[in-house]
1. Count, please, the residues in the stretch 97-125 that happen to be in contact with a helix residue (DSSP H, G or I) (Cβ under 6 Å, 6 or more places away or on another chain), assigned to a helix (DSSP H, G or I) and aliphatic (A, V, I, L, M).
2. Can you tell me which residue within the stretch 21-63, out of those that are of a type in the set (D, E, K, R) and within 12 Å of the chain's Cα centre (by Cα), is surrounded by the most Cβ atoms within 10 Å (Cβ to Cβ)?
3. Name the residue, out of 89, 84, that is acidic (Asp, Glu), in the same structural domain as residue 187 (by TED's automatic domain parsing) and under 30 Å from residue 318 (Cα atoms).
4. Within the stretch 75-106, work out how many residues are hydroxyl-bearing (Ser, Thr, Tyr) and buried (at least 21 other Cβ atoms within 10 Å of the Cβ).
5. Give the residue, chosen from 163, 136, 156, that is in contact with a Pro (Cβ under 7 Å, 6 or more places away or on another chain) and surrounded by fewer than 17 Cβ atoms within 10 Å (Cβ to Cβ).
6. Does residue 144 fit the bill of being assigned by TED's automatic domain parsing to the domain that holds residue 60 and either of a type outside the set (Gly, Ala, Ser) or in contact (Cβ under 8 Å) with a residue 12 or more places away in the chain (or both)?
7. If only one of 194, 212 is over 17 Å from the mean Cα position of the chain (by Cα), under 22 Å from residue 309 (Cα atoms) and modelled with pLDDT under 95, which one is it?
Amino acid sequence: MDQTQSLTMQKLNLQQISYNKRTANLFLLGAPKCATTSLYKLLSKIDSIYCPREKEPHYYFSPHGSNLSSFDYESLYSGAKTSDRYLVDASIWYLFYFKKVATKILENSINPKFIVCIRNPYELAMSLHAQKIQSGHESVASFKRALSYNNERNNGIFTGIVGLPESACPRHMAYINVCMLGEQIKTVLDYIPTQNLKIISFDDFNNNPKETLENLMTFLNIDKPLLPAFPKEGVTHRYRSAYLQTTLNIIGGVKSRYFSGVKPTGLFRHFHGYNKIDISLARPKFSPQCFFTPMQCQAIDNDIEVISRIINHNLDHWKSGSYL
């Protein structure tokens, strides 16, 4: 961050905000499918950190086309106590759209701090695709085929995207762009000083959550609390059969509408359970080369190098060649 940007940020942070209109000063920027829900749950159990009922308000920008009024956003934090040092906004798409939200955040928050959760990008892309199928916004069941629409979606075309308003941004379903976290983090660092950013690895958080949370408390200058249990949140499933899942969704809708009073047999739940495969913590079943083109793999591997330099840690085990 150059001197001009630093002076601009200092000027913005000196602006006064009335206490009765406190809003977030700790932003969990993303990325999606990187254990942000688990981290948010843990933060909500720590004294001096206030987490509102809505984890992802996306007040400053929503890729889903929704709009939250300033009154509603401020109301989310009306329950914060005077002893709460940090008010959290965990809108996970802020990282991908940081150029859109940076100035707005800095204008409305005094000395904000930021957390970015990172993950193997190949796993992130696959998990996000599975989630979008679950949510009903992704009509392309084949991950490889969905990747082939990446450039169209990144250019604002809704190819294969359903159930979102015209005001939504299809770029958030351009999975290759979304998973390239190195360039996104570089953008964040164009606006904020490095000491205000904490990067947390999905692998570290899952393998050693206690140490990860202790390091985060040091970053926030909070005394290490009595640590709560570490829940597994935000589980993502892949369906064995997209067609079976579509059929089950239709049957489920009819059942709830016309036969809600009928005693359940458990058969419907059995088929739902059978059709789900938990992939939230798993490496892809096949190598990235089965889904991504050589050019796409090269671009993502190069981005992994960018992350490695930023965090000063070797991430070669994330690269496409490590799956061979």
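1. Residues meeting the conditions: 3.
2. 33
3. 89
4. Our first condition is that a residue be hydroxyl-bearing (Ser, Thr, Tyr); within the stretch 75-106, this holds for 75, 77-78, 82-83, 86, 91, 94, 97, 103.
Imposing the further condition that a residue be buried (at least 21 other Cβ atoms within 10 Å of the Cβ) reduces the set to 91, 94, 97.
The number of residues fulfilling the criteria is 3.
5. Matching residue, one of 163, 136, 156: 156.
6. no
7. Selected residue: 212, the only one of 194, 212 that is over 17 Å from the mean Cα position of the chain (by Cα), under 22 Å from residue 309 (Cα atoms) and modelled with pLDDT under 95.
The rows are residues; the columns are (1) of a type in the set (Ser, Thr, Tyr); (2) closer than 24 Å to residue 296 by Cα; (3) under 16 Å from the mean Cα position of the chain (by Cα).
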{"position": "87", "(1), (2), (3)": "no, no, no"}
{"position": "109", "(1), (2), (3)": "yes, no, no"}
{"position": "122", "(1), (2), (3)": "yes, yes, yes"}
{"position": "135", "(1), (2), (3)": "yes, no, yes"}
{"position": "165", "(1), (2), (3)": "no, no, no"}
{"position": "171", "(1), (2), (3)": "no, yes, yes"}
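The values are calculated or read from the model by the stated rules, or taken from the named source; none is laboratory data. Only a predicted model underlies this, so the values are computations on that prediction, with no experimental measurement involved. Please note: Cβ atoms are built from the backbone with ideal geometry, for glycine as well, and neighbour counts cover all protein chains shown.
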